[in-house]
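*Asks:* Below are the structure tokens for one structure; questions will follow.
The values are calculated or read from the model by the stated rules, or taken from the named source; none is laboratory data. This structure is a prediction, so every number in the text was calculated from the model and none was measured. All Cβ positions, glycine included, derive from the backbone under ideal geometry; neighbour counts span all protein chains shown. Ligands, DNA and RNA are stripped out before the accessible areas are found, and what is left, the full protein with its side chains, is counted by its heavy atoms. Shrake-Rupley method; radii C 1.70, N 1.55, O 1.52, S 1.80 Å.
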Amino acid sequence: MIYITRRECFSSAHRLFNPVLSDSGNFEIYGKCSNPNWHGHNYIMYVTVRGEVNSETGMVMNMKLLGDIVRRLVTDKLDHHNLNTDVDFLQGVITTSENIAIAAWNQLADEIKKAGAELYKIKIAETENNYVEYYGN
Ligand code: NI
């Protein structure tokens with residue numbers, strides 16, 4: 001089993017906000033990340049898939065195809081958009097990196113399987129100091 005990883009970037013606005021809570025309740029949990037007028041991050045997403053090496057191609061999966069899938073189904077929809085308002089697959093979700101990783105997994109898993117590999121991990125770095133990793137259920 002070999003693991004390969006594709007990196008894609010996106011720059012997005014968001015606000016961490018739970019509509020069940022008041023503004024001050026949100027501020028207690030999320031601090032300035034809950035500022036009403038949004039803020040942004042330059043996110044880096046790493047998508048790791050695994051499989052056996054195809055003896056004809058020498059590859060688990062074509063990295064260009066993997067990048068195309070990630071951009072088409074995920075990062076093109078996030079890049080230069082507001083994660084709270086603009087993204088169909090994030091509706092009703094608090095836009096933490098945790099939830100973005102889970103939603104991205106759900107967008108990608110089937111399409112990667114069709115391409116002959118298995119989605120293994122999604123890693124999202126929101127800042128240089130913070131990243132989350134999701135391995136599916
Ligand atoms: Ni933020």
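*Asks:* Looking only at the stretch 74-97, count every residue that is among the small types (G, A, S) and farther than 15 Å from E126 by Cβ and tell me the total.
*Replies:* 1
*Asks:* Mind checking whether some residue in the stretch 57-73 is farther than 19 Å from K123 by Cβ, at pLDDT 95 or above, small (G, A, S) and away from the ligand (no atom under 13 Å from the Cβ)?
*Replies:* yes
*Asks:* Same structure, new question: Give the residue, chosen from G40, G31, G25, that is open to solvent by less than 70 Å² (accessible area, probe 1.4 Å), assigned to a helix (DSSP H, G or I) and either under 15 Å from A101 (Cβ atoms) or within 15 Å of the ligand (Cβ to nearest atom) (or both).
*Replies:* Step by step, each of G40, G31, G25 is checked, and only G31 is open to solvent by less than 70 Å² (accessible area, probe 1.4 Å), assigned to a helix (DSSP H, G or I) and either under 15 Å from A101 (Cβ atoms) or within 15 Å of the ligand (Cβ to nearest atom) (or both).
*Asks:* Also: Anything in the stretch 89-137 that is closer than 22 Å to M61 by Cα, open to solvent by 40 Å² or more (accessible area, probe 1.4 Å) and either touching a Pro at 6+ places or on another chain (Cβ under 9 Å) or of a type in the set (G, A, S) (or both)? List them, or say none.
*Replies:* G116
*Asks:* I'd like the full set of residues that are more than 30 Å from L66 (Cα to Cα), of a type outside the set (A, V, I, L, M) and more than 16 Å from the ligand (Cβ to nearest atom), limited to the stretch 1-22.
*Replies:* Of everything in the stretch 1-22, those that are more than 30 Å from L66 (Cα to Cα), of a type outside the set (A, V, I, L, M) and more than 16 Å from the ligand (Cβ to nearest atom) turn out to be P19, S22.
*Asks:* Counting only residues that are closer than 13 Å to T95 by Cβ and in contact (Cβ under 8 Å) with a residue 12 or more places away in the chain, which one in the stretch 24-34 is nearest to the chain's Cα centre (by Cα)?
*Replies:* C33
*Asks:* Any idea how many residues of the stretch 59-81 are outside any loop (DSSP other than H, G, I, E, B) and of a type in the set (D, E)? Spell out the reasoning first.
*Replies:* To start, the set of residues in the stretch 59-81 that are outside any loop (DSSP other than H, G, I, E, B) comprises 63-78.
Restricting the remaining residues to those that are of a type in the set (D, E) gives 68, 76.
Of the residues in that region, 2 qualify.
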